[in-house]
Amino acid sequence: DILILSPSVTYLQRLIRLVESELSFLDMPINASKSMCIRVGPRHNVVCADITASNGTIIPWVNAFRYLGIYIMSGRVFKCDFAYSKLSLFRSFNALFGKIGHRASADVIVHLLKSKCFPIFLYALEACPVNKTETISFDFALFRIYAKVFGTFSNEVISECQSALNLSSALNLINSKKINFIKRFVASEN
């Protein structure tokens, strides 16, 4: 997967030609039907000139695309769409909970949730900007899962269970991933 960043549409067209020629030299042609363009910045909603591959295929402008499992959206600022992350969290939890249900203890379910579901849910969030509204949405998703695990919708009971079983809020989980990423980045020799 190749991601090309450019300050303008003109330079983007030039970069695509340059990348195509290098990949052609390596006998790896670009599949223009799987390629797309997106704009991020103050002029994100302005109609742009068509970007074409060397074979004449037009590379479409889109409002969102998936890159390495993350959905990136067009807008004034760089933004990701986390609906798929939440959907993946619910899918993984429901698959897990469907197999074990309430036959296992809450601490076993929480351990499986942390080790199997959270990595899917938190994938690449350290690299994506997450605003307050999205954090609240993540917390609501986690609350629904915790309510199912603990068999209650009481905020107080769920808070006590979270505290007893060391379950963090979405904000703490995301911040922890970001801190670990920064520590690894600083320790890296690159």
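Structure summary
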quantity: Spherically averaged projected area in nm², based on the convex hull that wraps the Cα atoms of region 1-107; calculated: 10.1 nm²
quantity: The chain - accessible surface per residue (Å², probe 1.4 Å); calculated: 65 Å²
quantity: Tilt relative to the chain, helix 83-100 - C-alpha long axis, 0 to 90 degrees, to 10; calculated: 40 degrees
quantity: Accessible-area composition of region 1-78, carbon plus sulfur, in percent [1.4 Å probe]; calculated: 58 percent
quantity: Set of aspartates and glutamates near LYS148 by C-alpha distance (under 20 Å), chain-local residues within fewer than 8 positions excluded; calculated: ASP107, ASP139, GLU156, GLU160
quantity: Inverse mean reciprocal Cα-Cα distance (Kirkwood Rh) of region 83-190, Å; calculated: 14.7 Å
quantity: Restraint check, LYS86/LYS177; LYS34/LYS116; LYS116/LYS177, Cα-Cα greater than 23 Å; calculated: LYS34/LYS116
quantity: Accessible-area composition of region 89-190, carbon plus sulfur, in percent [1.4 Å probe]; calculated: 58 percent
quantity: Binned Cα-Cα distance frequencies in region 63-142 - 5 Å width, integer %; calculated: 3, 14, 23, 22, 16, 10, 7, 4, 2, 0
quantity: Pair LYS114, MET73: separation of 7 Å Cα→Cβ label points (nm); calculated: 3.2 nm
quantity: Vicinal HN-Hα couplings computed from phi for region 29-36 (Karplus, 6.51 cos²θ - 1.76 cosθ + 1.60; Hz; Gly/Pro x); calculated: x, 7, 8, 5, 6, 9, 9, 7
quantity: For the chain, Cys with no neighbouring Cys Cβ under 4.7 Å; calculated: CYS37, CYS48, CYS117, CYS161
quantity: Efficiency of FRET from Cβ geometry, VAL62 and SER159, R₀ 41 Å, rounded to 0.05; calculated: 0.50
quantity: On Cα atoms only, tilt of 155-164 relative to the major axis of the chain in degrees; calculated: 90 degrees
quantity: Distant-in-sequence amide H partners of THR52 (H built 1.01 Å from N, under 5 Å); calculated: ILE59
quantity: With Cα atoms, 0 to 90° folded angle of helix 170-187 axis to the chain main axis; calculated: 60 degrees
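The values are calculated or read from the model by the stated rules, or taken from the named source; none is laboratory data. Note that the coordinates shown come from a computational prediction; the quantities given were computed from them, not determined experimentally. We place every Cβ from the backbone using ideal geometry, glycine too, and count neighbours over all the protein chains shown. Ligands, DNA and RNA are excluded from the accessible area calculation, which covers all protein heavy atoms including side chains. Shrake-Rupley method; radii C 1.70, N 1.55, O 1.52, S 1.80 Å.
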